[in-house]
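Have a look at the structure below, then the notes.
The values are calculated or read from the model by the stated rules, or taken from the named source; none is laboratory data. Just so it is clear, the structure is predicted and the values come from calculations on it, not from any experiment. Please note: Cβ atoms are built from the backbone with ideal geometry, for glycine as well, and neighbour counts cover all protein chains shown. Side chains are part of the model used for accessible areas, which takes the heavy atoms of the whole protein and leaves out ligands, DNA and RNA. Shrake-Rupley method; radii C 1.70, N 1.55, O 1.52, S 1.80 Å.
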Amino acid sequence: MASTDLHSLSGQAAIVTGSSSGIGAAVALELARAGADVVVNYHGDENGAQATVDEIAAMGRRSFKVKADVGKEADVIAMFDEAEAQLGPVDIVVSNSGLQKDASLTDMTIEDWNLVINTNLTGAFLVGREAVRRFRKKGRREAVSRSLGKLIFDSSVHQTIPWAFHVNYAASKGGLKLLMESIAQEVSSEGIRVNAVGPGAIATDINRMEREKAGGLDAMLALIPYGRVGDPVDVGRVVAFLASDASDYIVGQTIFVDGGMTLHPSFKGNG
Ligand code: BGC
């Protein structure tokens, strides 16, 4: 029998990629708050990863950091091996790592293109593939969750909103949408739940320059009907919900966490 508190993640282990900062760190903390033990993955920011681990440990949960480049197959496999060695079977995998390398189309180098596609899309494929392999091997653990495993991708409003001067990023997120939905279609019958969150403008380093440049914040707020930039924890809470049995009948969906950005507010009174 699963816990009577459907939001509880107690007794479950999670991996969150890119959880040394920003949305990933908030996701890791919210999963831990709900009771999960959490592997904190990072690529460059070891101190940030340690800070996330320390906060999780202070909540009384088990946590450790693993360095891995999600765009490298061997790194991803080694990360899962390490997670299972230290925490046992992994029930929840959050593929969150992502980056931007912005340029106009004609200024975009092949390196800018490849870096973004490799981390945001190929990384999601590698992490998602490994998650499904490990869920199958682990088998169902009815004592902790109704499903065989939960795989959650961190996408973006830009999986549906085109984004000039960011064609690599928008293409990676558009690809991620169909990657997520196609994996969900392929594995849901096994009891694996695959979903995504689609954050809008969340206050993290990825958009700090945009928010802090002259007029930047007002321009951003004009795109957000709800009238505020999001906090990482706004996304973390939704991921914790998607990881829990409280969302057990949500399969193959993207939950936008965007203050209404996907409502295309520039059409209000126009068009
Ligand atoms: C991007 C941010 C941007 C937001 C809304 C996110 O996916 O990473 O830079 O502020 O979308 O446009």
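Please compute the contact order of the range 116-171 in relative form: average sequence separation of alpha-carbon pairs under 8 Å and at least six residues apart, divided by the residue count, as a percent.
37
Name the residues whose placed amide hydrogens come within less than 5 Å of the amide hydrogen of V40, ignoring near sequence neighbours (fewer than 5 apart) on the same chain.
Placed amide hydrogens put F64, K65, V66 under 5 Å from V40.
Which trypsin sites (Lys or Arg not before Pro) in the range 171-271 sit in a loop by DSSP (not H, G, I, E or B) and have at most 12 other Cβ atoms within 10 Å of their own Cβ?
Passing sites in the range 171-271 are K213, R228, K268.
Report Rg (one decimal) and Dmax (nearest whole number) for the chain, counting Cα atoms only, units Å.
My reading of the Cα-based Rg and Dmax gives 18.0, 57 Å.
Using a Förster radius of 22 Å, what is the FRET efficiency between K72 and L115 based on their Cβ-Cβ separation? Nearest 0.05, please.
0.95
Report the calculated FRET efficiency for A57 and K137 (r = Cβ-Cβ distance, R0 = 30 Å), to the nearest 0.05.
0.60
Kindly give Rg over Rh for the range 1-97, based on alpha-carbon atoms, with the Kirkwood expression for the hydrodynamic radius.
Rg/Rh for the range 1-97 comes to 0.96.
Placing unit charges on C-beta atoms (Lys and Arg positive, Asp and Glu negative, everything else neutral), compute the dipole magnitude of the range 1-113 about its Cα centre in debye, rounded to 20. Intermediate values should be presented prior to the final figure.
Details: 7 positive and 18 negative charges, 75 e Å.
Dipole of the range 1-113, to the nearest 20 debye: 360 debye.
If the viscosity is 1.002 mPa s and the temperature 20 °C, what translational diffusion coefficient in µm²/s does Stokes-Einstein give for the range 141-271 when Rh comes from Kirkwood over Cα pairs?
Rounded to a whole number, D works out at 134 µm²/s.
Can you list the residues, at least 5 places off or on another chain, whose amide H is less than 5 Å from the amide H of I255, using H built in the peptide plane?
The list, which skips near neighbours in sequence, is A196, V197, G198.
Would you work out the relative contact order for the chain, in percent, from Cα pairs under 8 angstrom that are 6 or more residues apart?
20
Size of the dipole of the range 50-208 about the Cα centre, Lys and Arg at +1 and Asp and Glu at -1 on the beta carbon, nothing else charged, in debye to 20?
Around 700 debye, computed over the range 50-208.
Using the Cα centre as the reference, give the magnitude of the dipole from point charges on the C-beta atoms of the chain (Lys, Arg: +1; Asp, Glu: -1; all else neutral), rounded to the nearest 20 debye.
Details: 26 positive and 33 negative charges, 121 e Å.
Dipole size: approximately 580 debye.
Just grab the label-to-label distance for L221 and A103, each label 7 Å out from Cα along the Cβ direction, in nm (one decimal).
Simple spin-label model gives 3.4 nm for this pair.
Roughly speaking, what is the centre-to-centre gap between the range 121-154 and the range 205-219 when only Cα atoms are used, to the nearest Å?
Result: 36 Å between the Cα centres.
Once ligands and nucleic acids are excluded and a 1.4 Å probe is used, how much of S182 is accessible, expressed in Å² to the nearest 10?
So the heavy atoms of S182 present about 60 Å² to solvent.
Cα axis of helix 22-33 to longest principal axis of the chain: angle in degrees, 0 to 90, nearest 10?
It is inclined by approximately 30 degrees.
Using the charge dipole of the chain (Lys, Arg: +1 at Cβ; Asp, Glu: -1 at Cβ; taken about the Cα centre), state which of A170, Y226, G88 has its Cα farthest towards the positive end.
Ranked along the dipole, the leading option is G88.
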